[in-house]
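*Asks:* Quick one: this structure, given as structure tokens, is what I'll be asking you about.
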Amino acid sequence: MKNKLKNLPIRIKMTGISLAVNMLVFMINIVLLIAMNNMSDKIDTVYQANLQLNEISTSIKTVQDSMVEYLGTKTSDSLENYYRSAQEFSELTENLNYRITGSTLGRMERSIKNMSSLYLEEVGQTIDAKRGRNVEKYRTRYEEATKLYGYINTYIYSLNNEQFKENSESYRRMLDAFRQFEVAGNLIMVVVILTSTVLILKLTSNIIRPLRSLTGMADEVAKGNFEIDTIPVNSSDEIGVVTKAFNKMVVNIQEYIEKMRESAETERLLKEKELMMETHLKDAQLKYLQAQINPHFLFNTLNAGAQLAMMEGADKTYEYVQVMAEFFRYNVKKGTRTVTIGEELELVDNYIYILNVRFSGDIHYEKEVDKSLLNVEMPSMILQPIIENCVNHGIREMMGEGRIKMKVYAMDDTACIRIEDNGIGMDEETVDRLRNGRPVSDDKKDSNGIGMDNVYARLKLFAGTDDVLSIESDGPGKGSRFTIYLDIKEKRDV
Amino acid sequence: MRKILSKLNSITVFIITGVMLGLTGLLIFFFLSYSKTLSRTEQDVTYDKYYVMITDEAESSFWKSVYDAALKTAKEENAYVEMISNNLSRDYSQTELMEIAIASDVDGIIVTAGESERMTELINRAYEAGIPVVTLFNDNTQSERLSFVGVGNYNLGKEYGNLIIKMANEKMFPGNRIKVTVLVDAGSEDSGQNVLAAAIQDTIAKENGENAGRHKPIEVSLVAVDASNNFSVEESVRNLFVQGSTKIPSIVVCLNENDTNSVYQAVVDYNQVGLVNILGYYDSEAILKGIERDVIYATLSIDTQQLGQYCVDALTEYYELGNTSQYFTADSYVINKKNVNEYRGEAVDEK
């Protein structure tokens, strides 16, 4: 039943509600009207009894008058009048109450009834006596009848009065009741109107509620929020249909958005893969290129060269190639590790030897080493780049004999390695630049690839302090001096 | 509003509607039944017998009290007693009322008859018409009346006489004689009153003879009060007091309620309180107040309940047994300052 109601179209629902409420109001109106009519009818009947009494009064007067007329004139007309009026009067009094009632009115009616019958009797006897010309008799009868007539009239008058009094009383009470009823009726109407208003509001809000939630959801969707729950549909009226469609639309949009997102994700993954592959390719190419200059390979080939030279009996060549192999092997082995001062010094020896072979003994290399410091640890590939710097920038550009002096000594807890050359020296600017760890030039054609900036940076990282390398020059033409300060504590156990 | 609405689920709405409709229905039902009860009168009650009471001075509280008692008794017997003069817009004489009652074909007549011939004739007419007549208070001995209900008038008179003697012994009176005036009804053919007055005179005469010297001699005079119309009683009573101080009686004996009230008022008006002593009749509220205020020395109260009751009893017995006793006598009491409160307390209790 309820579902059936729910499935009705809104138009019919609305019409139904208004019909129901109107019917309610109408029915109550009708009931009130009937009740009021009922009461006013009662008020009407109140005076009915008075009318009846008046009729009786008129009727008895006619009887009396016709009797008197007959007694006076003895016409057949008056006799006829008498019979007719007596009949009428008798009929009228017949309806009067004959019971002994609790109310005065009823008892008075009874008395009137009894007196009336006696009166009619007396009048009848009077008429008869008149007709029989019994003068004495009809006179006394007439007197009796007239007396009774007076009594009856008084009774009727009194009863009329009493009745009027009582009727007025009941009329007043009825009127009071009527007023009360009126007030109550108005109250009822107000209550009914209020109730029906509440009813209409409630019922329409029942109908409108899904529409309102639909609007709210539509608002959400309009703001771009598709993450909403579906609206429950519990009717299949117009709103139900729209709600269903809306739900479906939202779900579809959600699905569509999901699909879009998925395809975007796939595309992104594909692109990433492509990039990765490219990177890998580049890596492979690099590896390949690196492999070409692998120091192992170089070292092995040099070793092979050295063995060849030995077999051929070319000792100098052998030695040279051997030293070169050593030099490169150091690069390979110690490229990234910490080494000892001794190992660094050895590399410097080899380097100087190679340079001297290359530049036919131009460089005089002296060293003065405190042997106890040979095991002090330091980063690899430090001294050789400094020597290279000295050679490249100090000695090679000068005329005359180049000298490089290496001195390793202890100063308190610090192992100092000083490298001096007698080269062209450096101007202030170059010294500053070196001190600040900036490359002096980008000339790399003859270099091992490691610049002074690199050396300085690694030394600083190793020592954890800036005061690890001092670079001095007394000016152009007066040579330059590098001093490395190392903590002796970093001594390697041999 | 919306919040409240949302809280109302449909069930509550239906309940509210139902309750409203129910209330409306109840109200309407209530009013319909109320309007029905409005038009309903005592007509629904009916009685078997209809008796009529005819008294002079029907409006006095004495007769009212008698009537009430009669009505109460009658209702117990499923009969109704009516004081017909009360319902009529015209004032009729007792004989006219008798005629009306006979013409109305009532089941019984209670009448304060008196000994007039006309009354005898009417009572006999009623008797012929099959209507039993009970004479109340004033008998009509010549007629075919069924019973007489009254008080022992001779005893009552003796009682008054004794009260007068008591006063003569208690109080000091001016002059060389104690003047007693008994107010009697001028127009009355009432033998009862005569008997009463005679009894008073007898008692006083006896006292004067036996106990002469113990108090001043007592002189009893009868004064006729004109009760022929409504205002004449008052005039007659006033006449007593305007005739000069020497002629004003020391003791006034009233033999009905009206006289008592009039004399009481006159004594107050003419500033005779303490000088004129009243012996009253009946125990109306005004008279009791007079006793409390020492204006009325004492009053004789007749048991009106008994009077009323006996009238109806006589008629009931007549209808049940075909006959009843000829005489019914109601009790009487003396009420004075000593027992007035007591009496009043009883009266209140009865009510």
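*Asks:* Restricting to segment B:57-86, what's the tally of residues that are under 25 Å from residue B:232 (Cβ atoms) and more than 15 Å from the chain's Cα centre (by Cα)?
*Replies:* Going residue by residue through segment B:57-86, those that are under 25 Å from residue B:232 (Cβ atoms) are B:57-67, B:83-86.
Next, only the ones that are more than 15 Å from the chain's Cα centre (by Cα) stay: B:84.
Going through segment B:57-86 one residue at a time, the tally reaches 1.
*Asks:* Let me ask you something else. Taking only pairs six or more apart or across chains, which ones have beta-carbon atoms under 7 Å, a first residue in segment B:55-73 that is without any contact (Cβ under 8 Å) to a residue 12 or more places away in the chain, and a second residue that is assigned to a loop (DSSP other than H, G, I, E, B) and of a type in the set (Lys, Arg)?
*Replies:* none
*Asks:* Now, a different point. Filter segment A:135-164 for residues that are polar (S, T, N, Q), touching a Lys or Arg at 6+ places or on another chain (Cβ under 9 Å) and either touching a residue at least 24 places away in the same chain (Cβ under 8 Å) or not in a helix (DSSP H, G or I) (or both) and give the result.
*Replies:* Matches in segment A:135-164: A:153, A:158.
*Asks:* Please determine whether any residue of segment A:148-163 is in contact with an Asp or Glu (Cβ under 8 Å, 6 or more places away or on another chain), under 17 Å from residue A:70 (Cα atoms) and not polar (S, T, N, Q). Please lay out each step first, then the result.
*Replies:* Here is the first cut: in segment A:148-163, the residues in contact with an Asp or Glu (Cβ under 8 Å, 6 or more places away or on another chain) are A:148, A:151, A:159.
Now narrow it down to the ones that are under 17 Å from residue A:70 (Cα atoms): none.
No, there is no match, as no residue in segment A:148-163 is in contact with an Asp or Glu (Cβ under 8 Å, 6 or more places away or on another chain), under 17 Å from residue A:70 (Cα atoms) and not polar (S, T, N, Q).
*Asks:* Looking only at segment A:192-203, how many residues end up being surrounded by fewer than 19 Cβ atoms within 10 Å (Cβ to Cβ) and more than 8 Å from chain B (Cβ to nearest Cβ)?
*Replies:* Within segment A:192-203, residues that are surrounded by fewer than 19 Cβ atoms within 10 Å (Cβ to Cβ) and more than 8 Å from chain B (Cβ to nearest Cβ) number 4.
*Asks:* Anything in segment A:17-59 that is touching a residue at least 24 places away in the same chain (Cβ under 8 Å) and either on the phi > 0 side of the Ramachandran plot or among the hydroxyl-bearing types (Ser, Thr, Tyr) (or both)? List them, or say none.
*Replies:* Within segment A:17-59, A:18, A:40, A:47, A:57, A:59 qualify.
*Asks:* I've got another one for you. Out of all the residues in segment B:95-105, which are facing chain A (nearest Cβ under 8 Å) and under 22 Å from residue B:77 (Cα atoms)? Break it down stepwise before answering.
*Replies:* Let us first name the residues in segment B:95-105 that are facing chain A (nearest Cβ under 8 Å), namely B:96, B:99-100, B:103-105.
Scanning segment B:95-105 gives B:104, B:105.
*Asks:* So for segment A:15-37 (the condition being over 60 Å from the mean Cα position of the chain (by Cα), assigned by TED's automatic domain parsing to the domain that holds residue A:205 and among the β-branched types (Val, Ile, Thr)), does at least one residue qualify? Break it down stepwise before answering.
*Replies:* Residues of segment A:15-37 over 60 Å from the mean Cα position of the chain (by Cα): A:37.
Restricting the remaining residues to those that are assigned by TED's automatic domain parsing to the domain that holds residue A:205 gives A:37.
From the residues that got through so far, the ones that are among the β-branched types (Val, Ile, Thr) too are none.
Scanning segment A:15-37 turns up no residue that is over 60 Å from the mean Cα position of the chain (by Cα), assigned by TED's automatic domain parsing to the domain that holds residue A:205 and among the β-branched types (Val, Ile, Thr).
*Asks:* List the pairs whose first member sits in segment A:399-410 and is touching a residue at least 24 places away in the same chain (Cβ under 8 Å) and in the same structural domain as residue A:425 (by TED's automatic domain parsing), whose second member is outside any strand (DSSP E or B) and of a type in the set (Asp, Glu), and whose Cβ atoms are under 9 Å apart, counting only residues at least 6 apart or on separate chains?
*Replies:* A:401/A:362; A:402/A:362; A:407/A:370; A:408/A:370; A:409/A:370; A:410/A:370
*Asks:* Still on this structure, please answer the following. Among the listed residues B:278, B:287, B:302, which satisfies the condition of being among the aliphatic types (A, V, I, L, M) and out of contact with any Gly (no Cβ under 8 Å at 6 or more places or on another chain)? Break it down stepwise before answering.
*Replies:* Details: B:278 fails: out of contact with any Gly (no Cβ under 8 Å at 6 or more places or on another chain); B:287 fails: out of contact with any Gly (no Cβ under 8 Å at 6 or more places or on another chain).
Only one candidate qualifies: B:302.
*Asks:* Same structure, new question: Quick check, is residue A:105 assigned to a helix (DSSP H, G or I) and modelled with pLDDT of 90 or more? Steps first, answer last, please.
*Replies:* On the way: assigned to a helix (DSSP H, G or I): yes; modelled with pLDDT of 90 or more: no.
So residue A:105 does not fit the description; no.
*Asks:* Right, here's the next one. Could you tell me whether any residue of segment A:376-387 is on the phi < 0 side of the Ramachandran plot, in contact with a Lys or Arg (Cβ under 8 Å, 6 or more places away or on another chain) and either of a type in the set (Asp, Glu) or at pLDDT 85 or above (or both)? So that I can check it myself, show each step before the final result.
*Replies:* Let us first name the residues in segment A:376-387 that are on the phi < 0 side of the Ramachandran plot, namely A:376-380, A:382-387.
Within this subset, residues satisfying the condition of being in contact with a Lys or Arg (Cβ under 8 Å, 6 or more places away or on another chain) are A:376-377, A:379-380, A:382.
After this cut, where a residue has to be either of a type in the set (Asp, Glu) or at pLDDT 85 or above (or both) as well, the list is A:376-377.
Yes, there is a match, as at least one residue in segment A:376-387 is on the phi < 0 side of the Ramachandran plot, in contact with a Lys or Arg (Cβ under 8 Å, 6 or more places away or on another chain) and either of a type in the set (Asp, Glu) or at pLDDT 85 or above (or both).
*Asks:* Just wondering, is there one or more residues in segment A:229-238 that are surrounded by 11 or more Cβ atoms within 10 Å (Cβ to Cβ) and assigned to a helix (DSSP H, G or I)?
*Replies:* Within segment A:229-238 (the criterion being surrounded by 11 or more Cβ atoms within 10 Å (Cβ to Cβ) and assigned to a helix (DSSP H, G or I)), the answer is yes, since at least one residue qualifies.
*Asks:* Now for a different question. Please determine whether any residue of segment A:72-83 is surrounded by 16 or more Cβ atoms within 10 Å (Cβ to Cβ), within 30 Å of residue B:79 (Cβ to Cβ) and assigned by TED's automatic domain parsing to the domain that holds residue A:149.
*Replies:* Taking segment A:72-83 first, the residues surrounded by 16 or more Cβ atoms within 10 Å (Cβ to Cβ) are A:78-79, A:81-82.
Retained after the next criterion (residues that are within 30 Å of residue B:79 (Cβ to Cβ)): none.
Looking for residues that are surrounded by 16 or more Cβ atoms within 10 Å (Cβ to Cβ), within 30 Å of residue B:79 (Cβ to Cβ) and assigned by TED's automatic domain parsing to the domain that holds residue A:149, one finds none in segment A:72-83, hence no.
*Asks:* Does residue B:106 qualify as being part of a loop (DSSP other than H, G, I, E, B), in contact with a Phe, Trp or Tyr (Cβ under 6 Å, 6 or more places away or on another chain) and modelled with pLDDT of 90 or more? Working first, answer last.
*Replies:* Details: part of a loop (DSSP other than H, G, I, E, B): yes; in contact with a Phe, Trp or Tyr (Cβ under 6 Å, 6 or more places away or on another chain): yes; modelled with pLDDT of 90 or more: yes.
Yes, satisfied.
*Asks:* Still on this structure, please answer the following. I'd like to check something: does segment A:216-231 contain any residue that is within 14 Å of chain B (Cβ to nearest Cβ) and β-branched (Val, Ile, Thr)?
*Replies:* Within segment A:216-231, none of the residues are within 14 Å of chain B (Cβ to nearest Cβ) and β-branched (Val, Ile, Thr).
*Asks:* Report, by residue number, each residue of segment B:76-93 that is part of a helix (DSSP H, G or I), at the interface with chain A (Cβ under 9 Å from one of its Cβ atoms) and surrounded by fewer than 20 Cβ atoms within 10 Å (Cβ to Cβ). Walk me through it before giving the result.
*Replies:* Our first condition is that a residue be part of a helix (DSSP H, G or I); within segment B:76-93, this holds for B:76, B:84-87.
Right, trim to at the interface with chain A (Cβ under 9 Å from one of its Cβ atoms) and you get B:84, B:86-87.
Those that are part of a helix (DSSP H, G or I), at the interface with chain A (Cβ under 9 Å from one of its Cβ atoms) and surrounded by fewer than 20 Cβ atoms within 10 Å (Cβ to Cβ): B:86, B:87.
*Asks:* Given the condition farther than 24 Å from residue B:219 by Cβ and more than 24 Å from the chain's Cα centre (by Cα), answer yes or no: does some residue in segment B:169-191 qualify?
*Replies:* No, segment B:169-191 contains no residue that is farther than 24 Å from residue B:219 by Cβ and more than 24 Å from the chain's Cα centre (by Cα).
*Asks:* Let me ask another. Can you confirm whether segment B:42-49 contains a residue that is touching a residue at least 60 places away in the same chain (Cβ under 8 Å) and either assigned to a loop (DSSP other than H, G, I, E, B) or touching a Ser or Thr at 6+ places or on another chain (Cβ under 6 Å) (or both)?
*Replies:* no
*Asks:* Ok, one more. Among the candidates A:206, A:186, single out the residue that is free of Cβ contacts under 8 Å to residues at least 60 places away in the same chain, loosely packed, with under 13 Cβ neighbours inside 10 Å and of a type outside the set (Lys, Arg). If you could, list the steps in order and put the result at the bottom.
*Replies:* On the way: A:206 fails: loosely packed, with under 13 Cβ neighbours inside 10 Å.
That would be A:186, the only listed residue that is free of Cβ contacts under 8 Å to residues at least 60 places away in the same chain, loosely packed, with under 13 Cβ neighbours inside 10 Å and of a type outside the set (Lys, Arg).
*Asks:* Same structure, new question: In segment A:157-174, which residues are surrounded by 14 or more Cβ atoms within 10 Å (Cβ to Cβ) and more than 10 Å from chain B (Cβ to nearest Cβ)?
*Replies:* Selection gives A:163, A:164, A:167.
*Asks:* Can you say whether residue A:230 is among the polar types (S, T, N, Q) and touching a residue at least 12 places away in the same chain (Cβ under 8 Å), as far as the supplied structure shows?
*Replies:* yes
*Asks:* Based on this model, can you work out whether residue A:189 counts as part of a helix (DSSP H, G or I), within 8 Å of another protein chain (Cβ to nearest Cβ) and at pLDDT below 90? Full working, then the answer.
*Replies:* Numbers: part of a helix (DSSP H, G or I): yes; within 8 Å of another protein chain (Cβ to nearest Cβ): no; at pLDDT below 90: yes.
Criteria not met by residue A:189.
*Asks:* What number of residues within segment A:98-137 satisfy the criterion of being farther than 16 Å from residue A:63 by Cα and either away from every other protein chain (no Cβ under 14 Å) or not charged (D, E, K, R) (or both)?
*Replies:* Within segment A:98-137, the subset farther than 16 Å from residue A:63 by Cα is A:98-111, A:114, A:129, A:131-137.
Okay, now just the ones that are also either away from every other protein chain (no Cβ under 14 Å) or not charged (D, E, K, R) (or both), so A:98, A:100-106, A:108, A:111, A:114, A:129, A:131-137.
Number satisfying all stated conditions: 19.
The values are calculated or read from the model by the stated rules, or taken from the named source; none is laboratory data. Worth saying up front: this structure is predicted, and the values here are computed from it rather than measured. Using ideal geometry, Cβ is built from the backbone for each residue, glycine included, and neighbour counts are taken over all protein chains shown.
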